[in-house]
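The values are calculated or read from the model by the stated rules, or taken from the named source; none is laboratory data. Everything numeric here is computed off the predicted structure, so don't read it as measured data. We place every Cβ from the backbone using ideal geometry, glycine too, and count neighbours over all the protein chains shown. Note: areas computed on protein heavy atoms with side chains; ligands, DNA, RNA excluded. Shrake-Rupley method; radii C 1.70, N 1.55, O 1.52, S 1.80 Å.
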Amino acid sequence: MTDKKVTRIGVLTSGGDAPGMNAAVRAVVRTGIYHGLEVYAVMRGYQGMIENDIVKMESRSVANIIQRGGTILKTARSKEFFTPEGRKKAYENLKSHGINGLIVVGGDGSFNGALKFSEEFDIPCIGLPGTIDKDIAGSDFTIGFDTAVNTAIDAIDKIRDTADAHDRLFIIEVMGRDAGYIALHSGVATGAEHVLIPEHKTDIDEVINSLQEKEKRKKLMNLIVVAEGDEFGGGEQVTKYIKEKLPNADIKITVLGHIQRGGSPTCADRILASRMGYHAVLCLMEGRNNVMVGIVNDQMHYTPLSKAVKAKQQIDEDWFDMIKILAS
Ligand code: F6P
């Protein structure tokens, strides 16, 4: 906690963009202005902080963006910010604008940056979890996850149509970096036969046996959703292995890729982002520092950035029992 009053705040989006980031920025700008603060947009994440790409925002600056994917503030992964010299330059630029509070919308890499920065300098930082990966502790959901999963579901449903028409096995790789939540949720929601994620060890030969058993009873249409970070190295590797073991099977692979990052945010993401953005400003006004704003069981929840960056959410094993039973 700090007893210094914030008067001018900065907001930035950093790391991979996530649908709903614009809704969060809108909430920050309008809540700040409502409470008599001046709000500045720091463009292109930490890189814009280093390059002094900082713009004053008005209420109308964030008109007509709640429904838009991407981020009007642009984003970047700044290597320079991870050097002491880069952070010093960034601090001096914020100071030159009189900015005395910062809100960072991003993933764990962005929180690492915010943590270092606020430990070194007298500018309190509040984090908002903005990542499609949902790999951050301290919030049930992250901004962008719901939209990404719905995009994946939409694509996998389409794949199911053609898989069914041809009686094919489809392997679909989804994003998530080293987290498997997009795969897990989209796999269950599309009725996939198997879901391979890094948080759960897969017995690949058991997958092969189950496909062989299904083949015997003429169930040839199967969907396997693979997280890009799974233990086998993603969809291509899994496809290669299965093709070797089942040379006669008709197997195709689709890598969904960056379509999962774009598009208009879902209702859930717009609401999550609006609530988090609104509360982030209140946090700064209350003198909080170095915390991430999350929502747990529908209640606002504040986690020290040091814990939000490190911890991962746990995945209950019974998800996999369920997948097996529902796909039988
Ligand atoms: O962290 C979000 C994410 O989309 C991951 O799911 C993915 O691994 C990564 O970013 C891709 O990053 P880039 O857009 O830099 O290739």
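Before we move on, is A152 in contact (Cβ under 8 Å) with a residue 40 or more places away in the chain and out of contact with any strand residue (DSSP E or B) (no Cβ under 7 Å at 6 or more places or on another chain)? Here the answer is no, as A152 does not meet what is asked.
When residues in the range 161-175 are screened for being touching a Gly at 6+ places or on another chain (Cβ under 8 Å) and either more than 16 Å from the ligand (Cβ to nearest atom) or of a type in the set (A, V, I, L, M) (or both), 3 of them pass.
Between D135, D146, the distinction of being charged (D, E, K, R), within 16 Å of the ligand (Cβ to nearest atom) and part of a loop (DSSP other than H, G, I, E, B) belongs to D135 only.
All conditions but one from (1) free of Cβ contacts under 8 Å to residues at least 60 places away in the same chain; (2) surrounded by fewer than 19 Cβ atoms within 10 Å (Cβ to Cβ); (3) part of a loop (DSSP other than H, G, I, E, B) apply to D230; the one that does not is (2).
Does N112 qualify as being polar (S, T, N, Q) and either away from the ligand (no atom under 16 Å from the Cβ) or farther than 28 Å from A311 by Cα (or both)? Taking the combined requirement at face value, the residue does not satisfy it.
For K216, the test of being touching a strand residue (DSSP E or B) at 6+ places or on another chain (Cβ under 9 Å) and on the phi < 0 side of the Ramachandran plot is failed.
Of all residues in the range 176-215, those that are open to solvent by 10 Å² or more (accessible area, probe 1.4 Å), closer than 17 Å to D321 by Cβ and within 14 Å of the ligand (Cβ to nearest atom) total 1. When every residue of the range 46-68 is checked against the conditions, at least one turns out to be without any contact (Cβ under 8 Å) to a residue 12 or more places away in the chain and in a helix (DSSP H, G or I). Checking each residue in the range 212-227 for being in a helix (DSSP H, G or I) and without any contact (Cβ under 8 Å) to a residue 24 or more places away in the chain picks out E213, K214, K216. Going by the structure shown, is G229 farther than 17 Å from I253 by Cα and within 20 Å of the chain's Cα centre (by Cα)? No. For N209, the conditions (1) closer than 23 Å to P129 by Cβ; (2) assigned to a helix (DSSP H, G or I) are fulfilled apart from (1).
If the condition is being open to solvent by 80 Å² or more (accessible area, probe 1.4 Å), closer than 14 Å to R168 by Cα and not in a loop (DSSP other than H, G, I, E, B), then the range 233-264 contributes K243, K252.
For the range 1-26, a tally of residues being open to solvent by less than 10 Å² (accessible area, probe 1.4 Å) and in a helix (DSSP H, G or I) returns 5.
Taking the range 100-131 as the range and being over 16 Å from F81 (Cα atoms) and open to solvent by 10 Å² or more (accessible area, probe 1.4 Å) as the test, the residues that pass are N100, D122, P124, T131. Comparison of Y278, Y302 shows that the only residue that is assigned to a strand (DSSP E or B) and open to solvent by 50 Å² or more (accessible area, probe 1.4 Å) is Y302.
A Cβ distance below 8 Å, combined with a sequence gap of six or more or placement on separate chains, defines the contacts here; from the range 169-183, residues that are at pLDDT 95 or above reach residues that are within 8 Å of the ligand (Cβ to nearest atom) and of a type in the set (S, T, N, Q) in the pairs V174/Q260; M175/Q260; I182/Q260.
Take I156 and decide whether it is within 15 Å of the ligand (Cβ to nearest atom), crowded, with 21+ Cβ neighbours inside 10 Å and among the β-branched types (V, I, T). Considered against the rule, which asks whether it is within 15 Å of the ligand (Cβ to nearest atom), crowded, with 21+ Cβ neighbours inside 10 Å and among the β-branched types (V, I, T), I156 comes out as no.
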